[in-house]
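The structure appears below as structure tokens.
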Number of protein chains: 2
Amino acid sequence: MSGFEGWRAVPSHVSYEPLTPTALLDRAAEVHAERLAVVDGDLRLTYRELHDRCLRQAGLLRGLGVEPGDRVAVLGANSPLLLESHFGVLYAGAVLVTLNIRLAAAELRHILEHSGATVLLHDPEFAELAEEIGGGLRVVGPAEHERLRAEAEPHRVEADERGLMALNYTSGTTGHPKGVMYHHRGAYLQSLAMVAHFRLTPETVYLWTLPMFHCNGWAFPWAVTAAGGVHVCLRRVDPAQVWRLIDAEGVTMFCGAPTVLISLLEVAPPARGRRVAVAVGGAPPSPSLLAGCERAGLDITHLYGLTETFGPAAICDWRPEWNTLPVAEQAVLRARQGVSNLVSCTIRVLKDGTDVPRDGATLGEVALRGNTVMLGYYRDDEATRLAVPDGWFRTGDLGVLHPDGYLELRDRAKDVIVSGGENISSIEVESALAAHPAVLEAAVVAMPDEHWGERPIAYVTLREGHTVSPEELRAHVRARLAAFKAPDRYEFGPLPKTSSGKIRKNELRARR
Amino acid sequence: MSGFEGWRAVPSHVSYEPLTPTALLDRAAEVHAERLAVVDGDLRLTYRELHDRCLRQAGLLRGLGVEPGDRVAVLGANSPLLLESHFGVLYAGAVLVTLNIRLAAAELRHILEHSGATVLLHDPEFAELAEEIGGGLRVVGPAEHERLRAEAEPHRVEADERGLMALNYTSGTTGHPKGVMYHHRGAYLQSLAMVAHFRLTPETVYLWTLPMFHCNGWAFPWAVTAAGGVHVCLRRVDPAQVWRLIDAEGVTMFCGAPTVLISLLEVAPPARGRRVAVAVGGAPPSPSLLAGCERAGLDITHLYGLTETFGPAAICDWRPEWNTLPVAEQAVLRARQGVSNLVSCTIRVLKDGTDVPRDGATLGEVALRGNTVMLGYYRDDEATRLAVPDGWFRTGDLGVLHPDGYLELRDRAKDVIVSGGENISSIEVESALAAHPAVLEAAVVAMPDEHWGERPIAYVTLREGHTVSPEELRAHVRARLAAFKAPDRYEFGPLPKTSSGKIRKNELRARR
């Protein structure tokens, strides 16, 4: 507090409460006590019930000897258990370690060891896996969890708003997963930003298509709760089931990577009189995907962020004056990564340490800082120092700033293809390929080349029932981009992906 | 930060920025640079221009010798000067003291002396008053302000988020005005709450009917800016002008006390195809006012708060399931003070130190704490101690909690009329009177009575062209409430009001 004379504040607790996401559930339980909070098949929980279960989960954890600061791992799909752990573990003052259910046992064991988790909670479908990886941990299965929770007293520990609250192990398109450290204050503010940007209200019905174990579900476990909306659980993204739930539960919003939308659009959506909001992140939506979503009644907002930034740091905030532009121009604007979200996280694009001009052309690395940036990598000071060399977190993403201040990514630093001294943006080539009617998805990576240093190679998934020759694709790209950017080789088949739907380019590079 | 082993955060500045409302303008200037920010007659400012003017105002203040922590007073209507000072004074690290333009010179001089302000900025229409009250201060008139600002360099001082940021002198329905101390963090969070609750977006066009000098305009100078909306300035609430601006500027929202709405509805609104959101505070809207607003295309949300809570602490958050109730029931629900707003401010109703049951009947005093509570009263430790005896700020308002958790005020502690040992809620009697077709507004206060201790007396303003006898009003009230609650005396005429439209009951009591 400033020290100038003449005033003295009252005891700080009257004007200070720690910013923590659990405060959002506390309020929801006050305001929306008897309203629906969670749907999971036949299970329906009100906010009063959700609040009670979370406080008792904290009591359960204390009963197991969990102390503030201890790590608690959860192996679950988008289930009530995983949702409740986003509050219960925090009420206990412990650190939530969400496990990616698609990882191999050895990878999960590494994360459990690295995080030092002492307790492992799991959903019924992962009982076998939990036993396999849970050696040395207190493993609590669903039946025991329910019994212990029922016996436990409600419990809560006051949060330190800048203290460690969760570890999110990066899904790892490269190297060893790192434990990204989240703090209460960042999660709280990110939640408010999501409420504001997506106008979440008590009428919001949110479908859990995005894995909750990925960046804590972009803060939506807390944001939907803040608004008093309904969480609709979903264990697995099955397109027909998604459309059915949208209809049956009156879903108003969901999130996902473009690949999730691509798979949804492969199934004809049922007739429906209303539109659904969709936040898309992980990769920019292509014009053809946007057009398909428009026809399917999905309103797309493009987000950009990283695990290190609590998920969405930037939002392609739509401006009313763009509504009158031609559809093709709108698609270009909508695929940009956008501007920093409402809470104070500052985005810069740096080249040789200085900000690039807003010319839509000069490439620089995206750097961030603010209240929604991680504390660092857990037990990895070296990686932290590399990522935050000077107080600004380096994303490894390369982009340009347009004259209107909107960020557009051109590539991951490591995904740029350098051919004969010229940079080729893999994203640019992928967008050109995606515009071909036969192409469902494409990934372009560098292939070593004796003459040029590197040359692009394209991995392409075709739409069902379509065929196309490499020559035709090559001509298609050359009609749109400089000739040297067109890949020399085309391989057809499914693309390897991370759990959050990102294409594993490192795996494609390893194939060369 | 928690001290447990195993992790070390990166330098705090990568994951920490002070929460201050100026961050919201910084973002708006990035995101909405060329979009319209301010309309004042013929003057139109973009966010880039607004940002520049505010940073240069900070430079101007530094040039005048203003140091961080110094108090800067502003005497202005809802003008660009006053709006810009809500950022410029903060950029300078100084403390904003907004002056109520309706106070007498002696009252203003008291506030200037008490606050220790060293600089006084003013709008052109207050030149004479500024000279009269500005003795010993550096008085900067509009022409000089414009010249100095143009010459000044942009300037900013890093904010201390829990430090003093503004003084709001209570408009004083009783006693001497007290200087309520606002902090950056509270103003920032309150702004985000207003954005979320009122779904402010870049399409918001906000009309400044609420005095900006009152609780810093309920945080709307910052909230509208956060959303990238348009501020439409308004020097004086003239009903015809308000309707004209709503039409001409495409206004989507404004705020005000019920009296503002009453005066608006006295003028026939022009035909208009869209509805306008209105936040109403200061007193609950009566059923007849709500019906009139509904017909006039105004969607009412009722707020409750005090100067000490950055304005709105509670919001009568509308539940979708209430839409199907009969209109009369909706009006009763809409007049309740509601639930705590989205940011963490906790509301309790206390009787003899414990929480009242949620029975809609047991009366207690409303108490609050959280991030949107004041630091205390400036240079008045005694008053602060009385208001915050135990870490909870006592509002002096008496209310009940309904079974659904919604707060309903029954009276100010000092406005309760105790007649023959029975409590009479002045609000209850006023609502009954307001339901009479001839009554525009009513205020009920206690009158000393030899037999009963106190008896209610009613001050009533009739609608133009209407007449009614005291006997008829008495019968009207008795038909609705217990006989002992009906006032014995009725006096007709205009009601004395504060600048924010609250009825000055202390003045009415002094008339007895």
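The values are calculated or read from the model by the stated rules, or taken from the named source; none is laboratory data. Computed from a predicted model, the values in this text were never measured in an experiment. When we count neighbours, we look across all protein chains shown, and the Cβ atoms used for this are built from the backbone with ideal geometry, even at glycine.
Restricting to the range B:132-152, give me the number of residues that are closer than 30 Å to B:G186 by Cβ and either assigned to a loop (DSSP other than H, G, I, E, B) or outside the structural domain of B:R71 (by TED's automatic domain parsing) (or both).
3
List, please: which pairs have Cβ atoms under 8 Å, are six or more places apart or on different chains, and start with a residue in the range A:403-431 that is within 21 Å of A:D317 (Cβ to Cβ) and end with one that is aromatic (F, W, Y) and at pLDDT 90 or above?
A:L407/A:Y304; A:L409/A:Y304
Only one of these is under 18 Å from A:T307 (Cα atoms) and not in a helix (DSSP H, G or I): A:A117, A:A73. Name it.
Values: A:A117 fails: under 18 Å from A:T307 (Cα atoms).
When all the criteria are applied, what remains is A:A73.
May I ask you to say which residue of A:L167, A:L121 is more than 16 Å from the chain's Cα centre (by Cα) and in contact (Cβ under 8 Å) with a residue 40 or more places away in the chain?
Every option except A:L121 fails the conditions.
Within the range B:35-55, track down each residue that is more than 27 Å from the chain's Cα centre (by Cα) and either part of a loop (DSSP other than H, G, I, E, B) or of a type in the set (V, I, T) (or both).
Selection gives B:R35, B:D42.
The conditions are (1) touching a helix residue (DSSP H, G or I) at 6+ places or on another chain (Cβ under 8 Å); (2) within 14 Å of chain A (Cβ to nearest Cβ); (3) not aromatic (F, W, Y), and B:L265 fails exactly one of them. Which is it?
(2)
Restricting to the range B:16-34, count the residues that are at the interface with chain A (Cβ under 7 Å from one of its Cβ atoms), farther than 11 Å from A:V343 by Cα, in a helix (DSSP H, G or I) and among the aliphatic types (A, V, I, L, M).
Total meeting the criteria: 1.
Against the definition (basic (K, R), crowded, with 17+ Cβ neighbours inside 10 Å and outside the structural domain of B:S340 (by TED's automatic domain parsing)), how does B:R463 come out, yes or no?
So B:R463 fails the test.
Which residue, of A:A268, A:A277, A:A291, is part of a strand (DSSP E or B), among the aliphatic types (A, V, I, L, M), more than 25 Å from A:L398 (Cα to Cα) and in the same structural domain as A:V332 (by TED's automatic domain parsing)? Show your work before the answer.
Values: A:A268 fails: part of a strand (DSSP E or B); A:A291 fails: part of a strand (DSSP E or B).
Just one listed residue meets the conditions, A:A277.
Any residue at all in the range A:325-344 that is within 11 Å of chain B (Cβ to nearest Cβ), in a strand (DSSP E or B), in contact with a Cys (Cβ under 6 Å, 6 or more places away or on another chain) and buried (at least 20 other Cβ atoms within 10 Å of the Cβ)?
Within the range A:325-344 (the criterion being within 11 Å of chain B (Cβ to nearest Cβ), in a strand (DSSP E or B), in contact with a Cys (Cβ under 6 Å, 6 or more places away or on another chain) and buried (at least 20 other Cβ atoms within 10 Å of the Cβ)), the answer is yes, since at least one residue qualifies.
B:E454 versus (1) surrounded by 15 or more Cβ atoms within 10 Å (Cβ to Cβ); (2) over 21 Å from B:A313 (Cα atoms); (3) among the acidic types (D, E); (4) within 14 Å of chain A (Cβ to nearest Cβ): which is the lone unmet condition?
(4)
Being touching a Ser or Thr at 6+ places or on another chain (Cβ under 6 Å) and surrounded by fewer than 23 Cβ atoms within 10 Å (Cβ to Cβ) is the filter here, so list the residues in the range B:82-128 that pass it.
If the condition is that a residue be touching a Ser or Thr at 6+ places or on another chain (Cβ under 6 Å) and surrounded by fewer than 23 Cβ atoms within 10 Å (Cβ to Cβ), then B:N100, B:R102, B:D123 are the ones that fit.
Mind checking which residues of the range B:1-51 are modelled with pLDDT of 75 or more and either touching a Pro at 6+ places or on another chain (Cβ under 6 Å) or charged (D, E, K, R) (or both)?
So the first thing to find is which residues in the range B:1-51 are modelled with pLDDT of 75 or more, and the list is B:13-51.
The answer is B:E17, B:D26, B:R27, B:E30, B:E34, B:R35, B:V38, B:D40, B:D42, B:R44, B:R48, B:E49.
How about the range B:128-138: which of its residues are within 18 Å of B:A104 (Cβ to Cβ) and either in contact (Cβ under 8 Å) with a residue 40 or more places away in the chain or within 26 Å of the chain's Cα centre (by Cα) (or both)?
Filtering the range B:128-138 for residues within 18 Å of B:A104 (Cβ to Cβ) gives B:128-135, B:137.
Answer for the range B:128-138, where residues must be within 18 Å of B:A104 (Cβ to Cβ) and either in contact (Cβ under 8 Å) with a residue 40 or more places away in the chain or within 26 Å of the chain's Cα centre (by Cα) (or both): B:L129, B:A130, B:I133, B:L137.
Determine if the range A:277-292 includes at least one residue that is within 19 Å of A:A193 (Cα to Cα), within 14 Å of chain B (Cβ to nearest Cβ) and either crowded, with 24+ Cβ neighbours inside 10 Å or under 24 Å from the mean Cα position of the chain (by Cα) (or both).
yes
What residue, of B:L368, B:L333, B:L350, is within 22 Å of B:E422 (Cα to Cα) and either within 21 Å of the chain's Cα centre (by Cα) or among the hydrophobic types (A, V, I, L, M, F, W, C) (or both)?
B:L350
Consider only pairs whose beta carbons are under 8 Å apart and that are at least six residues apart or on different chains; among these, list those whose first residue lies in the range A:183-201 and is more than 7 Å from every other protein chain (Cβ to nearest Cβ) and farther than 18 Å from A:V278 by Cα and whose second residue is among the β-branched types (V, I, T) and surrounded by 24 or more Cβ atoms within 10 Å (Cβ to Cβ).
A:H184/A:T20; A:R185/A:T20; A:A187/A:T20; A:Y188/A:T20; A:L189/A:V343; A:L189/A:T372
Could you list, in sequence order, the residues of the range B:304-324 that are more than 13 Å from every other protein chain (Cβ to nearest Cβ) and in contact (Cβ under 8 Å) with a residue 12 or more places away in the chain?
Filtering the range B:304-324 down to residues more than 13 Å from every other protein chain (Cβ to nearest Cβ) leaves B:304-307, B:311-312, B:324.
Matches in the range B:304-324: B:Y304, B:G305, B:L306, B:T307, B:G311, B:P312.
(1) at the interface with another protein chain (Cβ under 10 Å from one of its Cβ atoms); (2) surrounded by fewer than 21 Cβ atoms within 10 Å (Cβ to Cβ): which one isn't true of A:E131, the others all being true?
Unmet for A:E131, out of (1) at the interface with another protein chain (Cβ under 10 Å from one of its Cβ atoms); (2) surrounded by fewer than 21 Cβ atoms within 10 Å (Cβ to Cβ): (1).
For A:S426, only one of the following conditions fails: (1) among the small types (G, A, S); (2) in contact with a Leu (Cβ under 8 Å, 6 or more places away or on another chain); (3) closer than 16 Å to A:A482 by Cβ. What is its number?
Only one criterion in (1) among the small types (G, A, S); (2) in contact with a Leu (Cβ under 8 Å, 6 or more places away or on another chain); (3) closer than 16 Å to A:A482 by Cβ is unmet by A:S426, namely (2).
Please find, among B:V260, B:V251, the residue that is under 21 Å from the mean Cα position of the chain (by Cα), more than 21 Å from B:L409 (Cα to Cα) and away from chain A (no Cβ under 14 Å).
B:V251
Taking the range A:405-426 as the search range and keeping residues that are outside any strand (DSSP E or B), closer than 21 Å to A:S340 by Cβ and not aromatic (F, W, Y), which one is farthest from the other protein chains (Cβ to nearest Cβ)?
A:A413
Quick one: A:H183 ticks every box in (1) within 20 Å of A:L342 (Cα to Cα); (2) in contact with a Ser or Thr (Cβ under 6 Å, 6 or more places away or on another chain) bar one, so which box is it?
For A:H183, the exception is condition (2).
Suppose we keep only residues that are at the interface with another protein chain (Cβ under 8 Å from one of its Cβ atoms) and either under 23 Å from the mean Cα position of the chain (by Cα) or crowded, with 20+ Cβ neighbours inside 10 Å (or both) within the range A:388-404. Which one would you say is farthest from A:R71 (Cα to Cα)?
A:W392
Starting from residues that are in contact (Cβ under 8 Å) with a residue 40 or more places away in the chain and surrounded by fewer than 21 Cβ atoms within 10 Å (Cβ to Cβ), keep the ones in the range B:356-366 and report whichever is nearest to the other protein chains (Cβ to nearest Cβ).
Filtering the range B:356-366 for residues that are in contact (Cβ under 8 Å) with a residue 40 or more places away in the chain and surrounded by fewer than 21 Cβ atoms within 10 Å (Cβ to Cβ), the one nearest to the other protein chains (Cβ to nearest Cβ) comes out as B:R358.
Please tell me if A:A58 is in a helix (DSSP H, G or I) and either without any contact (Cβ under 8 Å) to a residue 24 or more places away in the chain or facing chain B (nearest Cβ under 9 Å) (or both).
Judged against the criteria, A:A58 is not a match.
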